[in-house]
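The values are calculated or read from the model by the stated rules, or taken from the named source; none is laboratory data. Because the structure is predicted, anything quoted here is derived from the model rather than measured. Don't worry about glycine lacking a Cβ; one is built from the backbone with ideal geometry, like all the others, and counts go over all protein chains shown.
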Amino acid sequence: MEQNQDEIVRVKLPRNQQTLGIVEKRLGGARMTIKCLDNKERICRIPGAKRRSLWVREGNIVLVEPWELQGDKKGDVIYKYSKSQIQWLRRKGYLQSLEERDEF
């Protein structure tokens, strides 16, 4: 199956406090440990409205919204990126710090 390079890919980018991260470990109960691009490790959860529709595994790249209180330690998973979106993010340089750390 050949993919077209001119294919339009819509990618949700981080806004305001949001950051990109990689899922390191599933903790159960819709919670997981995520290593974020701002060099912080957060325990994140999937909010109730998205819990059934958003399936996340270890190694997935996700968009994280830190909490207002304890924002350096906790957050919510807002969005999971597909393979084509991850390739686009990599080409545009958004995942540069992940590649420098050799984690992905």
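Across segment 32-80, what is the number of residues that are more than 23 Å from LEU95 (Cα to Cα), touching a residue at least 12 places away in the same chain (Cβ under 8 Å) and among the basic types (Lys, Arg)?
Matching residues across segment 32-80 total 2.
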Inset, instruction - Scan segment 25-43 residue by residue and report those that are assigned to a strand (DSSP E or B), surrounded by 15 or more Cβ atoms within 10 Å (Cβ to Cβ) and touching a Ser or Thr at 6+ places or on another chain (Cβ under 8 Å). - result: CYS36, ARG42
Inset, instruction - Quickly run through segment 39-91 and pick out the residues that are among the small types (Gly, Ala, Ser) and either closer than 17 Å to GLY29 by Cα or in contact with a strand residue (DSSP E or B) (Cβ under 6 Å, 6 or more places away or on another chain) (or both). - result: GLY48, ALA49, SER53, GLY75
Legend entry - Residues of segment 45-77 satisfying the condition of being loosely packed, with under 13 Cβ neighbours inside 10 Å and among the aromatic types (Phe, Trp, Tyr): TRP55
Legend entry - Residue list for segment 47-104, filter: at pLDDT 85 or above, among the hydrophobic types (A, V, I, L, M, F, W, C) and assigned to a helix (DSSP H, G or I): ILE86, TRP88, LEU89
